[in-house]
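Bear in mind these aren't lab numbers, they're just calculated from the coordinates by the rules spelled out. Owing to the predicted nature of the structure, the values given are computational and were not obtained by experimental measurement. Counting neighbours? That spans all protein chains shown, and the Cβs are built from the backbone with ideal geometry, glycine included.
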Amino acid sequence: MTDDLTFGAAIIVGLLGSSHCIGMCGGIVAALNMGIADGISRKPGSLFVFQLGYNAGRITSYLLVGLLAGSLGAGLAQLGVSPVVGKLFAASFLIALGLYLANWWRGLALLERLGFIVWRHIQPLGKRLFPIRNPAQAYLLGLIWGWLPCGLVYAVVAWSLTTANALEGAKLMLGFGLGTLPGLLIAGNVLNHFKNRVRSPLLRTSAGIIIIAFGLYSGFTGLTGHYHHRVTDLSSTTLPSLAGFELIRIPPIFCSVS
């Protein structure tokens, strides 16, 4: 999968996961809206500007996490960890995410509970920013919001780990963040109506099935790609002839697989 396709796939995962985002973050969005100083929120378009600030901060935090995950992946690659291990690891998280969205298995909820241990130390920082008087404060609150424990985010972080590159990891998390943006922006303005729509069992199950299929596809391509790479490497191996003449190089065409 090329980098552009991976970026696009991350956007799609973000879009499909919006049902979970709104269900989990809907209350936060409402609280942030109520935290805007009196008089400011009544100005035309001001609410949308503040919502952009919140989400820009949130996506910035995702970028930072992607940088860290990509760097960690690069370090593991230098230690000799096979790329196929990382791909299967990420594929497993995506499958778990699909099961989580479809309400078929809640394993990622355990990671969310562990994440709340860190969140308890980060959350109090946001209280100092209320009341929210300008978009800069909204952006800072968004930075804190981006660290809210979320199984959906953790699954994509595991995916960015496999890029083994800090910039590519950040790019993947950016794509994911952009994918979640439309749903959360809409939720910030028409929360109650939109929240009921996206939390419908049919929509969540459909999104879960699509992400499970993508996880299975990622795992399959990781395995087959690794196998193809090993066979192609063998195609350039030189073997001595039985008659003791010059070395025979195996033509790559005979060892390639489709």
| note | By Cβ neighbour count within 10 Å, fewest first, W159, W119, W104 rank W104, W119, W159
| task | Quick one: which residues, 5 or more positions from N165 or on another chain, have an amide H under 5 Å from its amide H? H modelled 1.01 Å from N in the peptide plane, none for Pro or chain starts. | result | A74
| Hey, fewest Cβ within 10 Å first, where do H121, H20 land in order? | H121, H20
| task | Give a residue-ordered list of calculated ³J(HN,Hα) values for the range 111-116 (Karplus: 6.51 cos²θ - 1.76 cosθ + 1.60, θ = phi - 60°; whole Hz; x for Gly, Pro). | result | 5, 4, 5, 5, x, 5
| For S46, S19, S61, what's the fewest-to-most ordering of other Cβ within 10 Å of each Cβ? | S46, S61, S19
| task | State the extension gain, in nm to one decimal, for the chain segment bounded by V49 and R106, taking 0.36 nm per residue of separation less the distance between their alpha-carbons. | result | 17.0 nm
| task | Report, by chain and number, residues whose modeled amide H sits under 5 Å from the one on I132, excluding near sequence neighbours (fewer than 5 apart, same chain). | result | I36, A37
